[in-house]
Structure formats: structure tokens, C-alpha cells
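One structure is given below, encoded as C-alpha cells.
What follows is calculated from the coordinates using simple rules that are stated; it is not laboratory data. Since we're looking at a predicted model, the values are computed, not measured. Quick reminder, even Gly has a Cβ in these numbers, built from the backbone with ideal geometry, and neighbours come from all protein chains shown.
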Protein chains: 2
Amino acid sequence: MRIAVIGLGLIGGSVLLALAETGHEVVGYDADPFTREAATSAAAVSPRDARWRVAHSATEAVVQAELVMVAVPLPAVAVVFDLLSDTGYQGLVTDVTSVKQSVCRLAADRLAGTGATFIAGHPMTGRETSGFASADSALFAGCAWVLCLGPDTPMDAWLSIAALVTSLGARVVPATAAGHDRAVAAVSHVPHLAAAAIAASTNGDPLALALAAGSFRDGTRVAATRPELVAAMCGGNAAAVDEALASVIEQLMAARVILSEDDPVADLPAWFTPGHVARAAWQVSQIDRPPPAITLPATPEALLPLGAAGGWVTAVSDDRQTVTAARPDQA
Amino acid sequence: MRIAVIGLGLIGGSVLLALAETGHEVVGYDADPFTREAATSAAAVSPRDARWRVAHSATEAVVQAELVMVAVPLPAVAVVFDLLSDTGYQGLVTDVTSVKQSVCRLAADRLAGTGATFIAGHPMTGRETSGFASADSALFAGCAWVLCLGPDTPMDAWLSIAALVTSLGARVVPATAAGHDRAVAAVSHVPHLAAAAIAASTNGDPLALALAAGSFRDGTRVAATRPELVAAMCGGNAAAVDEALASVIEQLMAARVILSEDDPVADLPAWFTPGHVARAAWQVSQIDRPPPAITLPATPEALLPLGAAGGWVTAVSDDRQTVTAARPDQA
């Protein structure tokens, strides 16, 4: 496949390298000249069987592409969509940003009637480091990669991208854009907010920082992410994040009530138990005991319930009629 | 040194193994017969140069000891103190529980006038697994180990335990009991509460759990700890935890205000910055660039400011007059 990757940060750069290694004809572009230069140097020494190149302009990158992978930060997505529209691009388009409802609205706005087909995507992976220098073709091995799906989704396009994504080692999770945004608010955006609040609450007290160990290291790891990136992520999903954050605050306030009772040691275990149970369930279903493979029809009617049940697609059949999938509740 | 370790859970078991490896004559005891049995089996196959044994009773364990390491959960500490008092024990006593003011009050209550000398301690290490089966003599390498210090602390006793603890590879952080409790509330107890609240807020939604990746994995790791253990830890330090938790809740509520504004993406970076800065400062001072060694007098007047500045002791001189130390602000 001829693929253009627009935006060569951590995720875009990693997608580009992974696609090149899988044998696709890949061309990258980044609006930032320094990033472009770094990528051009890397391209010059890319392995013979995983060659890729950097275009001098976005137009040059997309003009011959069959698929455009939009890997720019959320605020720049509209610019790329407009460019695709202006150049008369007619192929597949997908993205990797962390909020989906706003991107889908944007695509409906800017790409409708252009002949381009948009499928919204989001690989659930990352690092606290940024930029092309951190790019790694192995970043997607085993990761969940949401591809948005609804009753009107063109299934040919969805399955093409699903096949591509599974070939990178990722698990494709079918979800509606709203379902995605609600879920990532709880499992990604709120953890970023909590990490920053915990780190900030030390007030830089040297004794506290000297005593900080495993629970602080892990609980605040993502506070090392650049504030602008996290702000774009959380701010772009503001309504869902606010709702998930309200639920966390409510629980912490309930903990404060117990802490001021006569015997908090007796009453706190019941408060800790639901989180303990949820964490253990996650560990079992996602890490320790992944469910066995099943075969499902490649239709929205079969795939949306799969995603809602926490399942994923691991392969698309050659005839595009079925997918290989896994469902934790059928383990 | 002849050392008795009372309580053979994760920390007690690890201390016992580490002390035995360092060449001390160690005897362990646990009130739970199953733990005692597991430890006795392990003792039988301990390496020839790191032999240790399990006593049949707590009295038998402590009768010949020069130091008793109390490694039982907080609610059981009083029982061990009473036993020491009843047996007429006259040596050194230290503990490894995660709250220090309440343990110091208990020691003043139960050990005063017995001839035993108590120095409160707390190794800042752990795992989300529990029990003797998880014990590991390497658990203390590089970890901060608080030894409480005040103007009236018998320095001979403090330095004996400090020398022992540094020989296990730990960094001794001198701190008042109140300073310790305030610091660990912020860097350990609140992260445990936040982890549980984040994990619980998924409500077991299968889609959310399928999309959970690095930020969820790390941000909720300690939610896997047994609820009773975390409850004892947080509940035993209720006042300090409540204060630190109030600060985190206040910050999260400020984030909610920004999230409901017109342009959260523009205003959130300033909210994220203090946590980002604190996390980066911690990473540099504790991990990436540990400060060079300095020499200090072995007095409370020199050691308490060291601890308050985030510094630690790495060795005690043979004549007990000075310590080798490190202070991040003198890096």
C-alpha cells in the first residue's frame, strides 16, 4: 500500500517505521523543518527492506497515497483535512489523536463530498517522551487501537485499516466515537490529571521527594509528559473528562469522610475494595489470561458489541467477510 | 550482631534475608503458624554463609537478641512491645511500619523504663504482593529508609541502626516522626488512595478496561495491594493523609473549573505545569543525578537539616563521630 504519514512525532514516527518494516511504500511529512530534517537523516540510513522517505511538502506526500495517516496534534487536524480537500485527495484517511468525537465532527465538516473516506483511530500507546527521536516501530505490539465504527461506516474502508493495524501487532477495538471518548477519559485522561495533582501536592518539599518511592514513581510517571500535549488531550475531551474526574473526586471525598471517623482502619478496607477488584480484573483479562480466538462476521452489528464487551479484532480474513477476535467474557 | 525479626511478611522476611546475607546472626518469628512453617522450610535451605532460623515463640526469638526488628502490621505493634517489656528485654528496638508518630507514642507508653531503646524506622520500599513468599533480600538496595530523630534521641542507638541499615544498601533519611508522617502522606498514602479511586471509577466497564494502557497500568498499580494493608497504612496516618488528600482534591476541582471553560486547551497547560516541574525535579535529584558524598558530624543538629533538605546518610564512620551523606541541593 502507498501510505502518507503526516506528522512525525512519537506516534507518527513510530507508525511510519512500523509500516515501512511491514513492507508498505511509506512517505512522511512534518510541518516542523527540524523534525523533517531529523526524519530525512533517519530515512537515509533506513534498512534496505524497510525504505521510506520524507516529502518536501504535505501535498507531495499525499498526492500518490492510497491512505493518509494523520498524526498531527489535535489542533492541527483541521489544517490537514483542508489540505486533503484542496488537493482533491480521494483515498482512505485515518488519524491517531486521542479524542474521537471532535475529530469525527471535523471530518464530517471538511471531508464530506471530497471523495476521501475517513475512519477515526486511536492507538492506546505512548511514552512520556516526545518527538521523532523517541519513535519506535515496536510501539504498537499488543496495544489496543480503537477504530471508530457506527451503523453508517463504510466497512470496506474500516476493514482495510483494521487489516493494516493488526499487521502492526495491535489489537483493533471497535467502538463508537462517544464510547471511546468516555472510556479514555476514565483510563487515560483522568490518570494524567491525578498524576499531575499528586506530584504538585508535594510542593517541592525536599523531604517528601526523598521519601518518594514506587507508588509515587508509578503514580506520577505520566506527569513527565509535556503539559501542552496533556492539555490538548484532556481539553479536547473536556465533557467526558469532567464527568470521569467528578467521579474520582467524589470517591476521594468519601475517603476523607472515613479518614475523619473514629476508626478509619476498620472502615477503609471497604472503600479500597472496588478499586482493588477492578485493577485485578483488568490484570487478568488484559495481561495474565488473554481470551481465546473466535471468528465473527465483519459487520457493525457483530463488531460493536464485541468492543463494548471489552473485546478486540486480531485479524481480518482475506475475503473481508469475517474477523478473528477475542472477548474476555468468553475466556 | 544478634538480631530478632518479629513478623515475616514481605518487609520482615526481606529484612531477615538481607541481614542474614550481611553476616548477622538472625532469628525470625511470625505469629501466623503457616508463615512460620513457610519460613522454616526456607531457613532449612538457606545458603551456608547466610544461615538464619525460625524461633518457636516470640520470647525465644528475642531472649538473646541485641536488636529486635518489629516488622508486624501497625495494629500488632503494641503486642510486641508488651512482650518485650514482659521478657525484660534491654536491647535496641526498631520497627518498619509506615506511620511513625503513633508508633513513637506507643513506644513511649509501653517501653519507657524497661531499659529497651526504641528508634522508629521505615524503609520506603514495597511491592504490590505480600507475604514471606515475596521476600527478597535485594528489596532495600538504594531505597530511602527513614530513622526518626529528635533532640533527645540516644545517638549511639540511632547510629548503630543507621550503620546496619546502610549496610543493606539503603539510604538513611533522618526525619522527625511528624515530618515523616506528613511526607509519606503526600508521596505514598495519597497515591494509594488515588490509584484505588481511578481503578474504581472505570466501574468495571469492559471497553474502558480494554483501552487501559500505560497511564492506567502505572497509575493504578498499587491498587493491587491488599485493601487491609493500605487501610492500616492510611488509617494510621489519618490526619496527615486527610490534609494531603484535601490538597489533591482542591487541585482536581480547579481542573474541573478549567475543563468547563470555553478554551480548556489554552488554560490547562498552566494547571499541569507545577506537577510536571515537581516530577522532573524528583527524577533528577533521586534517579538521574544523585548528589556527591559529603561528611557531616553525627549529631541531631547536623542530621535533621540534612533530612529536611532531602538528603540522606550512606555510611556511619567506625568511631561514630561522622557520617557520609548526600544532599540534592549541594549537587
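Can you tell me the dipole magnitude for the stretch A:64-165 around its Cα centre, using point charges on the Cβ only (Lys, Arg +1; Asp, Glu -1), in Debye to the nearest 20? Spell out each step's value before the answer.
Details: 4 positive and 9 negative charges, 38 e Å.
It works out to roughly 180 debye.
Sort B:C234, B:C143 by Cβ crowding within 10 Å, fewest neighbours at the top. Please list the in-between numbers first.
Numbers: B:C234 30, B:C143 19.
So the ranking, lowest neighbour count to highest, is B:C143, B:C234.
Under unit Cβ charges (Lys, Arg +1; Asp, Glu -1), what dipole magnitude, rounded to 20 debye, does the protein assembly as shown have relative to its Cα centre?
Numbers: 38 positive and 64 negative charges, 210 e Å.
Here the size comes out at about 1020 debye.
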If each DSSP helix of 4+ residues adds -39,500 (n - 2.57) and the sum is divided by the residues in chain B, what number results at 222 nm, nearest 500 deg cm²/dmol? -14000 deg cm²/dmol
Cα-based Rg then Dmax for the stretch A:181-260, in Å, read 13.8, 39
Once the dipole of the protein assembly as shown is set up from charges on Cβ (+1 Lys and Arg, -1 Asp and Glu), the residue from the list B:C148, A:W145, B:V165 lying farthest towards its positive end is B:V165
Quick check on the stretch B:2-140: what are the equivalent-ellipsoid semi-axes from the Cα gyration tensor, as sqrt(5λ), descending, whole Å? 23, 17, 13
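What FRET efficiency would be calculated for the residue pair B:D82, A:E261, taking the C-beta separation as r and a Förster radius of 30 Å, to the nearest 0.05?
Values: r = 27 Å, r/R0 = 0.89.
Using R0 = 30 Å, I get an efficiency of 0.65.
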For A:V54, distant residues with modelled amide H under 5 Å away: A:G28
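Hey, any idea what Rg/Rh is for the protein assembly as shown, computing Rh the Kirkwood way over Cα pairs? Mind showing how you got there, number by number?
Working: Rg = 28.2 Å, Rh = 27.0 Å.
When Rh is taken as the Kirkwood radius, the ratio is 1.04.
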Report the residues of the stretch B:149-165 in range of a label on B:D319: point 7 Å along Cα→C-beta, backbone N strictly under 16 Å from it. none
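Could you give the dipole magnitude of the stretch A:2-140 about its Cα centre, charging the beta-carbon of Lys and Arg +1 and that of Asp and Glu -1, in debye to the nearest 20? Present the calculation step by step, with values, prior to reporting the outcome.
On the way: 9 positive and 14 negative charges, 29 e Å.
The calculation lands at about 140 debye.
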At 24 Å minimum axial length over the Cα atoms and a Kyte-Doolittle cut of -0.5, report the qualifying DSSP H helices in chain B, or say none. B:238-259, B:264-282
For the charge dipole of the stretch B:181-260, defined by +1 on Lys and Arg C-beta atoms and -1 on Asp and Glu C-beta atoms about the Cα centroid, which residue among B:A186, B:N237, B:A210 has the Cα displaced farthest towards the positive pole? B:A210
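Add +1 for every Lys or Arg and -1 for every Asp or Glu among the other residues with Cβ under 13 Å from the Cβ of B:M155, and state the total.
Working: positive: B:R320; negative: B:D152, B:D156, B:E301, B:D319.
My count for the surroundings of B:M155 gives -3.
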Among B:L229, B:L16, B:L303, whose mean-square fluctuation peaks in a Gaussian network model of chain B (Cα, cutoff 10 Å)? B:L229
Amide H neighbours of B:V316 under 5 Å, at least 5 residues apart or on other chains, H built in the peptide plane: list them. B:T324
Label-point gap, in nm, between A:R127 and B:V45 - each point 7 angstrom along Cα→Cβ: 4.0 nm
Residue by residue through the stretch A:133-139, the couplings from Karplus 6.51 cos²θ - 1.76 cosθ + 1.60 with θ = phi - 60°, in Hz, x for Gly and Pro, are 4, 8, 4, 8, 5, 8, 5
